[in-house]
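Okay, so here's the structure we're looking at.
The values are calculated or read from the model by the stated rules, or taken from the named source; none is laboratory data. Because the structure is a prediction, the values reported are computed rather than measured. Glycine gets a Cβ as well: all are built from the backbone with ideal geometry, and neighbour counts include every protein chain shown. Ligands, DNA and RNA are excluded from the accessible area calculation, which covers all protein heavy atoms including side chains. Shrake-Rupley method; radii C 1.70, N 1.55, O 1.52, S 1.80 Å.
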Amino acid sequence: NGWRIAIGDVSIAFLHAEWSNLKGEQMYLTPPAPQRDAMPKGTLWRVRKAVYGLCRSPQLWSEHFAREMAACGFVRCVAEPQLFRHVEGIAVVVTHVDDILLGTFEERLPEVLALVSKCFTMKWGSQ
């Protein structure tokens, strides 16, 4: 039917999302070994982004992704929250964490890839 598929990966996905806590609490982490050794003993880093390995990070990333997709003209499916369709009907996107499967008309592919790439740092596979 003239549709093309593109597969992409959002680079450092979780770090796009801001850290937030429902209770307004702050989170602190011990710096990794190379940095910790060069800092005063007891130094902690305040978490400002959804760091890999924290329980809330996947949820924060998913919420951030949905907001950014909405800003790009995509609507989230109520029945399947990892499915998005463009309001003009030119594309659909399915996600799994930071992996994206995008389908669109062949002639619109460069335009839609550019649109999604404005929101996120993307690594697109072969189309």
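Quick notes on this structure:
- Within the stretch 54-68, considering residues that are part of a helix (DSSP H, G or I) and among the hydrophobic types (A, V, I, L, M, F, W, C), the one nearest to Leu83 (Cα to Cα): Ala66
- Subset of the stretch 20-41 (residues that are part of a loop (DSSP other than H, G, I, E, B) and open to solvent by 70 Å² or more (accessible area, probe 1.4 Å)): Leu22, Lys23, Glu25, Gln26, Thr30, Ala38, Pro40, Lys41
- Hits in the stretch 77-90 (condition: assigned to a strand (DSSP E or B) and under 14 Å from the mean Cα position of the chain (by Cα)): Leu83, Phe84
- Check on Lys118, basic (Lys, Arg), assigned to a helix (DSSP H, G or I) and open to solvent by 80 Å² or more (accessible area, probe 1.4 Å): yes
- Among the candidates Glu80, Glu63, Glu88, Glu25, the residue that is of a type outside the set (Ser, Thr, Tyr) and touching a residue at least 24 places away in the same chain (Cβ under 8 Å) is uniquely Glu63.
- Unique residue being crowded, with 17+ Cβ neighbours inside 10 Å and in a loop (DSSP other than H, G, I, E, B) when the list is Val51, Val93: Val51
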